[in-house]
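Down below is the structure, laid out as structure tokens.
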Amino acid sequence: MNFLNQVGAILWKDILTEYRTKDALTSMLIFGLLVILMFHFAFEPDSRETEKFGPGLLWMTFIFAGILGMNRAFATERENDSLQGLMLAPVDWSAIYLGKMLANLVFMLLAESVILFCFALFFNFSLMPRWGWMVTITVLGTLGFASVGTILAAVSMNTRMSDVMLPILLLPIALPVVIGAVESTAAILTDPPGESLTFWIKFLVVFNVIFITLPLLLFDFVLEE
Amino acid sequence: MKLLRVHALSTFIAMLIALYAIFIFAPTERTMGFIGEVQRIFYFHVSSNWTTFLATFCVFLCSILFLLKESREWDIRAAAAAELGVVFGTLGLISGTLWARPVWGIWWTWDARLTSFFLLWLILLAYQMLRRVVDSPAQRGRLSAVFGILAAVDTPIVYMANRWWRTQHPAPVIAGGPGSGLDPRMALTLCITLGAFTLLYVYLWRIRCELERTADVIETLQRQLQTQGMEVR
Amino acid sequence: MTYLFAAYTAVWVVLFAYVFSLSRRQQKFQDEVMKLQKLLESQKRS
């Protein structure tokens, strides 16, 4: 089996388990909708305020929902003692990382698309004219977040307080993604799109390249016992 | 041990010279006009922050070396450097706020440098926290080394992101554009203070490593005691 | 002036507190080592 097949196999395994249990997706979705509800009560935003705070709020929702999902990624493996099996399987450990990372990416993107849809619906937030940009930004931002998040989820899985440690470790490291994603989302809301848009998208790309390469190099050390 | 004492002594002397330079030798700030005496905070502030960055860099290097060599020594060094980073970062934050209040009229502002420095400080705290919640020493070393490397790579990115976002901190005075130079006496004072802080940092680092080694000795002794106790029984 | 004073006081207080805590920890650890070594010795003899 070559490397890509290995990654695909792990990704498929995760998607299949998720399809049968629906643990991560449901929790992310319910959480996301709750945040939207809270946002409404906490700020009672008018349309101008929504435009101002919307991008930030949207990404905060994505990120906290993502942390919920990512905490599950290795926790389930651990509960069922299946990580050992995965490590003993004749696969490169970096394939485990990539597979897990892509699985996280897929789940987050699924949850995000629903959250985004509800967000736009509830707050009359029109993303339609620029949905192409919105998709690009969401994929790039989520990819960056999932790449750092997956390795740090593996790190925090090995600690005594894994649920608490993940956000503590992940949020500071993922801050550049938040800045880039929020700024570029804000840039597409104006008409014409703000000129900073391409800049922040490039920034996200650079971040992704760095923070996918590094975990690939470091992941072996995290699993080793 | 003797070398350590010489180091301690030289650090002490360097600190005294630095204090003399800051309070008596360096002229009072005039170019910026309104700042006056308060400007003397600047020497300690810059030095603390420099030491924090130095410590972060040491964490980065020691973490890489630990992962390559798997020797406990590098783990000890990384951990010690990270703790010193927290201490000097705290100094930098305190002196920074006390500088900002009289000069800018506010304690804190969400400016690029301040924000990224604050974040670095938080990351170093998170590193400390991570070390506390992993039980096995070997695993603690590996996990914290991985986090240390990610964090150190992240720091400049955060800084650049913040910088492109917005900034208010005074532009680098030393290597800035034309006309941004320091008074030569001030520059000399800054150099002395930086040197003194670096000496202090290295000294504390060595002490802190020694402490960790003693803790290791305790652990081995305890283990010996346990196995022996079993044999006796 | 007050701020200058406050800043330097704070810096020194923090530094000294840290150095003090270091030396206390070191002392405690060394005592512990001595105690353990003695215990080990006595156990060997018995």
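The values are calculated or read from the model by the stated rules, or taken from the named source; none is laboratory data. Nothing here was measured: the structure is a model prediction, and the numbers come from that model. Here the Cβ is made from the backbone with ideal geometry for all residues, glycine too, and neighbour counts use every protein chain on show. The area values use the complete protein model at the heavy-atom level, side chains included, leaving out ligands, DNA and RNA. Shrake-Rupley method; radii C 1.70, N 1.55, O 1.52, S 1.80 Å.
Here are some notes:
- Selected residue [in a helix (DSSP H, G or I) and farther than 30 Å from B:Ala21 by Cα] from B:Leu61, B:Leu114: B:Leu61
- Lone unmet requirement of (1) closer than 26 Å to A:Val114 by Cα; (2) within 13 Å of chain B (Cβ to nearest Cβ) for A:Ser162: (1)
- Conditions (1) out of contact with any Pro (no Cβ under 8 Å at 6 or more places or on another chain); (2) more than 9 Å from every other protein chain (Cβ to nearest Cβ); (3) under 24 Å from A:Leu218 (Cβ atoms); (4) of a type outside the set (Phe, Trp, Tyr); number of the one not met by B:Leu120: (2)
- Some residue of segment C:13-21 being more than 10 Å from chain B (Cβ to nearest Cβ), farther than 30 Å from B:Arg40 by Cβ and part of a helix (DSSP H, G or I): no
- Those residues of segment A:110-144 which are open to solvent by 10 Å² or more (accessible area, probe 1.4 Å), hydroxyl-bearing (Ser, Thr, Tyr) and within 21 Å of A:Ser27 (Cα to Cα), in sequence order: A:Ser113, A:Thr138
- Selection within segment C:22-43 - over 26 Å from B:Phe12 (Cα atoms) and facing another protein chain (nearest Cβ under 7 Å): C:Glu32, C:Val33, C:Leu36, C:Gln37, C:Leu39, C:Leu40, C:Gln43
- Verdict on A:Asp163 being of a type in the set (Asp, Glu) and either closer than 17 Å to B:Ala145 by Cβ or over 20 Å from the mean Cα position of the chain (by Cα) (or both): no
- Tallying residues that are within 20 Å of B:Ile157 (Cβ to Cβ), open to solvent by 60 Å² or more (accessible area, probe 1.4 Å) and modelled with pLDDT of 90 or more within segment B:88-140 yields 3.
- Per-region count, segment A:145-169, residues touching a residue at least 24 places away in the same chain (Cβ under 8 Å) and surrounded by fewer than 23 Cβ atoms within 10 Å (Cβ to Cβ): 5
- Figure legend. Inter-residue proximity from segment A:207-224: first residues more than 9 Å from chain B (Cβ to nearest Cβ) and in contact (Cβ under 8 Å) with a residue 40 or more places away in the chain, second residues open to solvent by less than 60 Å² (accessible area, probe 1.4 Å) and of a type in the set (Ser, Thr, Tyr), beta-carbon distance below 6 Å, spacing 6+ or different chains. Indicated pairs: A:Ile212/A:Ser147; A:Leu216/A:Ser94.
- Looking across segment C:1-12 at every residue that is facing chain B (nearest Cβ under 9 Å) and under 18 Å from B:Val86 (Cβ atoms), the one that is surrounded by the most Cβ atoms within 10 Å (Cβ to Cβ) is identified as C:Val11.
- The listed residue being facing chain B (nearest Cβ under 9 Å) and within 13 Å of the chain's Cα centre (by Cα), out of A:Ala174, A:Ala111: A:Ala174
- B:Ala78 being modelled with pLDDT of 85 or more and open to solvent by 50 Å² or more (accessible area, probe 1.4 Å): no
- Residue match in segment A:159-166 (condition: closer than 25 Å to A:Leu25 by Cα, at pLDDT below 85 and in contact with a Gly (Cβ under 9 Å, 6 or more places away or on another chain)): no
- Single residue of segment A:177-205 satisfying the filter (more than 8 Å from every other protein chain (Cβ to nearest Cβ) and open to solvent by 60 Å² or more (accessible area, probe 1.4 Å)) that is nearest to B:Leu143 (Cα to Cα): A:Val205
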